[in-house]
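Have a look at the structure below before the remarks.
The values are calculated or read from the model by the stated rules, or taken from the named source; none is laboratory data. No experiment lies behind these values; they were computed from the predicted model shown. With ideal geometry, Cβ positions are generated from the backbone for all residues, glycine too; neighbour counts draw on all protein chains shown. Side chains included, ligands, DNA and RNA excluded: accessible areas come from the protein's heavy atoms. Shrake-Rupley method; radii C 1.70, N 1.55, O 1.52, S 1.80 Å.
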Amino acid sequence: MRLITSPTAVHVAVWQELYFRWYALTEMTIRMTFDTTTDGFEVGAAPVGDKALSMEDRHAQWQNLTLFLSAFGAACTREPHDPSGLTKIIPPMIIPDGCRVLRDPSELLTNFLTDIVNMLVHDSLQVRDIAREALSNEASPRLYGRIIKQLDEYVGSTTDTGDIVFTPYSVIRMVTDDANVNTPVLAVFLDQVT
């Protein structure tokens, strides 16, 4: 999956559906807005997601989806984007309404990578480790340029915060500072961005 070369509309639809599930789990698990999401129709709050899952189960699902979306992110690099591409492959009557017209996968991928890069400085060590893993070992090689761009934008928007100075080297070090870094993959990553 990490090395997919010719993504189809089906790949984009799968990635898109899982992205929306990941986003909901992120709200419930990482941002802890389980009971405080406004439903948009009434004044007040509406629960997000399934309350039947334990916090451990939600976190495990969030981790799996995070790593999967990072590995399968090449599905979003398909050019040109055809919003109705799925209906050309599958009869429209059996496609769920939300998938009949696909959103721009590039925009969703950018949002995903921005969220993951922001999680590199999250309060929770476990969240930081998962974000680091998603941006390094698990990332599709076709995403390396976009990851560097997101890291560069993050570093550019961050200034000296007291004792910590964010530089491109320190951010890349945060991503790769792990005993389980796949060195050949890291070499390809660095070769593609230099």
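Within the stretch 86-114, work out how many residues are surrounded by 14 or more Cβ atoms within 10 Å (Cβ to Cβ), within 30 Å of Gly145 (Cα to Cα) and among the hydrophobic types (A, V, I, L, M, F, W, C).
7
Output the residues belonging to the stretch 62-85 that are touching a residue at least 40 places away in the same chain (Cβ under 8 Å), open to solvent by 50 Å² or more (accessible area, probe 1.4 Å) and assigned to a helix (DSSP H, G or I).
Across the stretch 62-85, the qualifying residues are Gln63, Phe68.
Please identify the pairs in which a residue from the stretch 15-29 that is under 18 Å from Ala74 (Cα atoms) has its Cβ atom under 8 Å from the Cβ atom of a residue that is of a type in the set (Lys, Arg), counting only partners at least 6 apart or on another chain.
Going by the 8 Å Cβ cut-off, the qualifying pairs are Gln16/Arg103.
Which of the residues belonging to the stretch 3-19 are in contact with a Phe, Trp or Tyr (Cβ under 9 Å, 6 or more places away or on another chain) and open to solvent by 60 Å² or more (accessible area, probe 1.4 Å)? If you could, list the steps in order and put the result at the bottom.
Filtering the stretch 3-19 for residues in contact with a Phe, Trp or Tyr (Cβ under 9 Å, 6 or more places away or on another chain) gives 4, 7, 11, 14-15, 18-19.
The one that is in contact with a Phe, Trp or Tyr (Cβ under 9 Å, 6 or more places away or on another chain) and open to solvent by 60 Å² or more (accessible area, probe 1.4 Å): Val14.
In this structure, is Val185 surrounded by 14 or more Cβ atoms within 10 Å (Cβ to Cβ), touching a Leu at 6+ places or on another chain (Cβ under 6 Å), in a helix (DSSP H, G or I) and modelled with pLDDT under 85? Break it down stepwise before answering.
Values: surrounded by 14 or more Cβ atoms within 10 Å (Cβ to Cβ): yes; touching a Leu at 6+ places or on another chain (Cβ under 6 Å): no; in a helix (DSSP H, G or I): yes; modelled with pLDDT under 85: yes.
No, not satisfied.
Keeping to the stretch 127-142, report how many residues are in contact (Cβ under 8 Å) with a residue 60 or more places away in the chain and part of a helix (DSSP H, G or I).
Our first condition is that a residue be in contact (Cβ under 8 Å) with a residue 60 or more places away in the chain; within the stretch 127-142, this holds for 127, 130-131, 133-135, 138-142.
Narrowing further to those that are part of a helix (DSSP H, G or I): 127, 130-131, 133-135, 141-142.
The number of residues fulfilling the criteria is 8.
Can you name the residue in the stretch 120-131 that is open to solvent by less than 40 Å² (accessible area, probe 1.4 Å) and at pLDDT 90 or above and is also farthest from Trp15 (Cα to Cα) among such residues?
Val127
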